[in-house]
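Comments concern the structure below.
The values are calculated or read from the model by the stated rules, or taken from the named source; none is laboratory data. Just so it is clear, the model here is predicted, and its values are computed rather than measured. Please note: Cβ atoms are built from the backbone with ideal geometry, for glycine as well, and neighbour counts cover all protein chains shown.
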2 protein chains.
Amino acid sequence: MRGALPPRPTSRDVAERAGVSQATVSLVLRDRWHGRVSPARAEAVRAAARELGYRPNVAARTLRLGRSRTALVVVPALTNEFFARVHAGAVRVAAGDDVGVVLYTSPLETGPARDPFASAGATLDGVLASSMAAEALAVLSGEGLPLVMLDSEPGTGAAATVNPDIAAGMRLVARHLLSLGHRRFAHVAADVDSWTFRERARVLAAELAAVRGARLVGTRRAPIGVPDGVLAAERALTAAERPTALVCDDDMLAVGACKAARRLGLRVPDDVSVTGFDDLTVATAVEPELTTVRLPGEELGAAGMRALLAALRGESPGATVLPVELVRRGSTAVPQEPAAPGAPE
Amino acid sequence: MRGALPPRPTSRDVAERAGVSQATVSLVLRDRWHGRVSPARAEAVRAAARELGYRPNVAARTLRLGRSRTALVVVPALTNEFFARVHAGAVRVAAGDDVGVVLYTSPLETGPARDPFASAGATLDGVLASSMAAEALAVLSGEGLPLVMLDSEPGTGAAATVNPDIAAGMRLVARHLLSLGHRRFAHVAADVDSWTFRERARVLAAELAAVRGARLVGTRRAPIGVPDGVLAAERALTAAERPTALVCDDDMLAVGACKAARRLGLRVPDDVSVTGFDDLTVATAVEPELTTVRLPGEELGAAGMRALLAALRGESPGATVLPVELVRRGSTAVPQEPAAPGAPE
DNA sequence: TCACGGGGGTTATACGTAACACTTCTGGAG
DNA sequence: CTCCAGAAGTGTTACGTATAACCCCCGTGA
């Protein structure tokens, strides 16, 4: 594949130029030379390497050492800003420890289509996987590499788990809306079968069940994205019993919900309150700005990579839960309608 | 780094189990066995490999072959949706040709901080780089690998260039606004020194210069992002001469511009028209939806990877220009104000 | 009968690096 | 003067794979 390129210099070329053996070159450049090579020769080796533009062959080094200081990061899709943040956090921490990151994007639902390990193009030391379905997890853990899961069911055979406190997030949303006086809710749910979304549904139902008169009048599933959010919210808002609050699993769905409300002539937040999840950039781009749960995506990726690096050192990081935060903005308010059913219109 | 993991089986293990030599295993699994190994033995080898869960060692293969079927993709930041799309397109095409992709994210302005080749964790066959500054390009081309540049100055020593038709895009924007009757423009420019943004500024200026009475009343630079877009647009809209149209280098900046207008009590598009660039998801999330130039990000990545694969096969793909499209939406309209200076208020 | 060709394998080697085990030399203690 | 310790290097090997080069045996045509 490399055409008629000038061949890359090897450590042997460096050795020849510096007038030493290849072993000495390796010692010097790996910084293992103290007390074994005289400072003058060490400097000569470094100079020769510099002059030739020498760069160690990664494949040879990996083969020799049996490890690569490279981790695989698996996320569903980078076009989802949340996962781009996770990736950025993971890369930041890995870089600080001089560990490389190879990325694999895998559809949320189906799991890896191609073999993530074969297509990685690198020998891998560990895996950091985010928001995967259980079957996908099985594929990943099958390799026997240290595995850290993000935003996934705890205690599923991974070396460690790092999760944002999803339950707390949904609890904050529910209590915020309840305290504003909302009683009829609809859940605009992400049409994805993974722990994080099951958890949201579970907690929402539990919180509403705990308050007299509060009810979930409907759940609409939609693939994450604005257009599908519009459709799902339209159906929720035109159902027999109209909810006063739309709880959305994701900011994109929430944006769709706001658009749907507007199309139906409903004002947000006066006629219907809308909440999101994630606190993406879009949450403050729209008008009104979204009330949402801030999930620390960058920190999630960073903490996950820290856990993976610890696992690679032989430690057992266990499970970590990251705090989340409710960001109150303009898309939620006291419902402007008869509060008690049966009251005159 | 790999703790007490069970050692991975090698081709020699497979050979032993199948009762053949290691060479035969390699021949069979590389599909080079026709006429050299009997079908029965070939099947036995494949069975043994399956039973052991054998997976060829990537490092050893790369070392032996001197190439890795792996390409480096360099983008400024994945949290920018446009580059996430570019990446997705590149990965899609590469996967179709059984080529892996390693990602490197590099700050737009400064170029690679860490060594992209050292941190790749893989031997690389080629490089696909997007929207890089000239100095960054120099670092990348220094390695002597086949290099394809995206959205960058044509003819800068790369094997090939693939660009969206930036000039046409800005021309469409300018003519659209001019035909609506706008004459006083401000440019909300991305504060990034790269070809693509210089090109936008150049074409905008040229188009306005070609129409009597049309003028650029100001240029405000801002880092790409909503908050900075707000600031820049606020300054543009409160300047002595208020523009009727804000031409933004990016949808994020345009969203910020819309927010700024609203804060100043100006209506979009009645009091001020706003245009974006890229057609990101956010463009249809906001109200009014953005008039913008759709840059085919996914296709850009795909075409770039196709060019790189061609270069790796020894062909010379040359320069490609991808068509762009003006998407007229709600953020532009005929200016609602005295068209001619000097007319009564 | 023998040379020969080809099917069906095997042996051996190289890729570039890291590091263990050795060698050589020098200076100082005994 | 001998012996030894340590400094300063070098020779050699192994990592796992792909493939060139070789080998053996059987059938066939001369």
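Among the residues here, A:Val74 does not qualify as farther than 21 Å from B:Gly66 by Cα, surrounded by 14 or more Cβ atoms within 10 Å (Cβ to Cβ) and either within 11 Å of DNA strand D (Cβ to nearest atom) or facing chain B (nearest Cβ under 10 Å) (or both).
Exactly one residue out of A:Ala60, A:Ala40, A:Ala23 is over 30 Å from B:Ala88 (Cβ atoms), surrounded by fewer than 15 Cβ atoms within 10 Å (Cβ to Cβ) and within 8 Å of DNA strand C (Cβ to nearest atom): that is A:Ala23. Could you tell me which of the residues B:Gly96, B:Gly35, B:Gly89 is small (Gly, Ala, Ser), outside the structural domain of B:Ala138 (by TED's automatic domain parsing) and over 29 Å from A:Arg67 (Cβ atoms)? Going through B:Gly96, B:Gly35, B:Gly89 in turn, just one is small (Gly, Ala, Ser), outside the structural domain of B:Ala138 (by TED's automatic domain parsing) and over 29 Å from A:Arg67 (Cβ atoms): B:Gly35. Residue selection: B:Arg36 fails the criterion of being at pLDDT below 95, in a loop (DSSP other than H, G, I, E, B), more than 7 Å from DNA strand D (Cβ to nearest atom) and closer than 20 Å to A:Ala59 by Cα. The criterion of at least 3 residues that are free of Cβ contacts under 8 Å to residues at least 60 places away in the same chain, out of contact with any strand residue (DSSP E or B) (no Cβ under 9 Å at 6 or more places or on another chain) and in the same structural domain as A:Arg184 (by TED's automatic domain parsing) is met by none of the strands (runs of 3 or more DSSP E) falling completely within the stretch A:213-306.
Only one of the numbered conditions (1) crowded, with 20+ Cβ neighbours inside 10 Å; (2) more than 9 Å from DNA strand D (Cβ to nearest atom); (3) at the interface with chain A (Cβ under 7 Å from one of its Cβ atoms) is not met by B:Val28, and that is (3). For A:Thr79, the conditions (1) without any contact (Cβ under 8 Å) to a residue 24 or more places away in the chain; (2) part of a helix (DSSP H, G or I); (3) more than 14 Å from DNA strand C (Cβ to nearest atom) are fulfilled apart from (2).
With the structure loaded, tell me whether B:Arg67 is farther than 30 Å from B:Val226 by Cα, more than 8 Å from DNA strand D (Cβ to nearest atom), surrounded by fewer than 23 Cβ atoms within 10 Å (Cβ to Cβ) and within 12 Å of chain A (Cβ to nearest Cβ) or whether it fails that test. Criteria met by B:Arg67. Annotation note: of B:Ala15, B:Ala49, the sole residue that is within 11 Å of DNA strand D (Cβ to nearest atom), at pLDDT 95 or above, closer than 30 Å to A:Leu308 by Cα and not polar (S, T, N, Q) is B:Ala49.
Taken over the stretch B:152-188, residues that are buried (at least 22 other Cβ atoms within 10 Å of the Cβ) and within 27 Å of B:Leu231 (Cα to Cα) amount to 11.
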